[in-house]
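Trainee: Sharing a structure below in structure tokens format, with a few things to ask.
The values are calculated or read from the model by the stated rules, or taken from the named source; none is laboratory data. This one's a predicted model, so the numbers in the text were calculated from it and none came from an experiment. So basically every Cβ, Gly included, is an ideal-geometry build from the backbone, and we count neighbours across all protein chains shown.
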Amino acid sequence: MQEDKIYEYAVIRLVPKVEREEFFNIGLIMFSKKEKYIRVGYHLCQDKFRLMRSKLDYDDVVQNLKSFQKIADGDQDGGPIAQLDIPERFRWLTAVRSSVVQTSRPHPGKSKDLEQTFEKLFEELVL
């Protein structure tokens, strides 16, 4: 029988006007220390983005999300944070920040299949 894997996840949010604290979900970060697993996925709908009537630049936000991806992947282009071990990268990505791209607090869970759980959470919370 396959053992449950403990994981944490956080939702990536776009906060167009930080002072108003309004946001919508645009991505997901999932991490399992024991499984040495970290994954970032995002979806930024251009139509929804335009409805915000914000001065934010779509391409700038996408570049920020790509940075999240590079850090999670441990990519050389992700800078020094990307070279940290997986738990440190997850903690850095989910640290509280006052910017237009933020994350929720991490939430715990158990799963037999991390990839399947990621896909399910991404569909429920982001798409």
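Trainee: List every residue pair whose Cβ atoms sit under 7 Å apart, with the two residues 6 or more apart in sequence or on different chains, where the first one lies in region 33-45 and is of a type outside the set (Gly, Ala, Ser) and the second, anywhere, is in a loop (DSSP other than H, G, I, E, B).
Mentor: Within 7 Å, the pairs are His43/Val126; His43/Leu127.
Trainee: With the requirement that a residue be surrounded by 15 or more Cβ atoms within 10 Å (Cβ to Cβ), free of Cβ contacts under 8 Å to residues at least 24 places away in the same chain and either among the acidic types (Asp, Glu) or under 17 Å from Gly41 (Cα atoms) (or both), what does region 72-91 give you?
Mentor: Hits for region 72-91 are Gly74, Gly78, Ala82.
Trainee: Find the residue count for region 1-31, including only residues that are in contact with a Ser or Thr (Cβ under 8 Å, 6 or more places away or on another chain), within 26 Å of Pro87 (Cβ to Cβ) and either loosely packed, with under 15 Cβ neighbours inside 10 Å or modelled with pLDDT of 95 or more (or both).
Mentor: The total comes to 11.
Trainee: Another one. Condition test on Phe122, is it touching a residue at least 12 places away in the same chain (Cβ under 8 Å), out of contact with any helix residue (DSSP H, G or I) (no Cβ under 7 Å at 6 or more places or on another chain) and closer than 12 Å to Ile29 by Cβ?
Mentor: yes
Trainee: Filter region 98-109 for residues that are under 17 Å from Phe31 (Cβ atoms) and surrounded by fewer than 11 Cβ atoms within 10 Å (Cβ to Cβ) and give the result.
Mentor: Within region 98-109, Arg105, Pro108 qualify.
Trainee: For residues in region 32-68 being among the polar types (S, T, N, Q) and surrounded by fewer than 15 Cβ atoms within 10 Å (Cβ to Cβ), which is farthest from Lys5 (Cα to Cα)?
Mentor: Gln46
Trainee: Next question. If you scan region 1-23, which residues turn out to be of a type in the set (Val, Ile, Thr) and assigned to a helix (DSSP H, G or I)?
Mentor: Answer for region 1-23, where residues must be of a type in the set (Val, Ile, Thr) and assigned to a helix (DSSP H, G or I): just Val18.
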